[in-house]
1. Return the total of residues in segment 1-22 being assigned to a loop (DSSP other than H, G, I, E, B) and either in contact with a strand residue (DSSP E or B) (Cβ under 8 Å, 6 or more places away or on another chain) or under 15 Å from residue 75 (Cβ atoms) (or both).
2. Quick test for you: out of 66, 118, pick the one residue that is loosely packed, with under 15 Cβ neighbours inside 10 Å, in contact with a strand residue (DSSP E or B) (Cβ under 6 Å, 6 or more places away or on another chain) and either at pLDDT below 80 or assigned to a strand (DSSP E or B) (or both).
3. Is it true that some residue in segment 71-86 is at pLDDT 70 or above and surrounded by fewer than 13 Cβ atoms within 10 Å (Cβ to Cβ)?
4. Residue 46: surrounded by 12 or more Cβ atoms within 10 Å (Cβ to Cβ), part of a strand (DSSP E or B), on the phi < 0 side of the Ramachandran plot and modelled with pLDDT of 85 or more, yes or no?
5. Condition check: in contact with a helix residue (DSSP H, G or I) (Cβ under 7 Å, 6 or more places away or on another chain) and at pLDDT 85 or above. Does residue 6 satisfy that?
6. Assess whether residue 32 counts as being part of a loop (DSSP other than H, G, I, E, B) and surrounded by 18 or more Cβ atoms within 10 Å (Cβ to Cβ).
7. Can you tell which of 14, 64 is under 22 Å from residue 116 (Cβ atoms) and free of Cβ contacts under 8 Å to residues at least 60 places away in the same chain?
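The values are calculated or read from the model by the stated rules, or taken from the named source; none is laboratory data. Just so we're clear, the structure is a prediction, and the values are computed from it rather than from any experiment. FYI the Cβ positions are ideal-geometry reconstructions off the backbone, even for glycines, and counts take in every protein chain you see.
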């Protein structure tokens, strides 16, 4: 049986570090190695930054972080309640023309074992990230 944790996070950039630390502690307690913990922390930070920048509807709103710790996996979902985007409009950045901004989803997919994005314009976005224990 998996353990479930839920955080409601104010839509302010200064709280991304708080989520990052909590996720690090959870992954460590679940027995993930240092490399996997770093991957998880960076991926979750990117997802939270996206929620703050694109999905919270301003500093008065918040977003949710759900964590599921299983015996062989750590699942983290970051969910915002506004914004959303057209997944079909997203283009992977070209390696020869990387620029600041627009790399979040690319980085998340590179670091996690599974990534699912559920989004609806005007409603919100959920990024579900899975890292398996090795």
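1. Residues of segment 1-22 assigned to a loop (DSSP other than H, G, I, E, B): 1-2, 11-12.
Going one step further and asking which of them are either in contact with a strand residue (DSSP E or B) (Cβ under 8 Å, 6 or more places away or on another chain) or under 15 Å from residue 75 (Cβ atoms) (or both), we end up with 1-2, 11.
Residues flagged as assigned to a loop (DSSP other than H, G, I, E, B) and either in contact with a strand residue (DSSP E or B) (Cβ under 8 Å, 6 or more places away or on another chain) or under 15 Å from residue 75 (Cβ atoms) (or both) within segment 1-22 amount to 3.
2. Details: 66 fails: loosely packed, with under 15 Cβ neighbours inside 10 Å.
Only one candidate passes the filter, namely 118.
3. Yes: segment 71-86 contains one or more residues that are at pLDDT 70 or above and surrounded by fewer than 13 Cβ atoms within 10 Å (Cβ to Cβ).
4. Details: surrounded by 12 or more Cβ atoms within 10 Å (Cβ to Cβ): yes; part of a strand (DSSP E or B): no; on the phi < 0 side of the Ramachandran plot: yes; modelled with pLDDT of 85 or more: yes.
When the stated conditions are applied, residue 46 does not pass them.
5. Details: in contact with a helix residue (DSSP H, G or I) (Cβ under 7 Å, 6 or more places away or on another chain): no; at pLDDT 85 or above: yes.
The answer is no for residue 6.
6. Details: part of a loop (DSSP other than H, G, I, E, B): yes; surrounded by 18 or more Cβ atoms within 10 Å (Cβ to Cβ): yes.
So residue 32 fits the description; yes.
7. Values: 14 fails: under 22 Å from residue 116 (Cβ atoms).
Selected residue: 64, the only one of 14, 64 that is under 22 Å from residue 116 (Cβ atoms) and free of Cβ contacts under 8 Å to residues at least 60 places away in the same chain.
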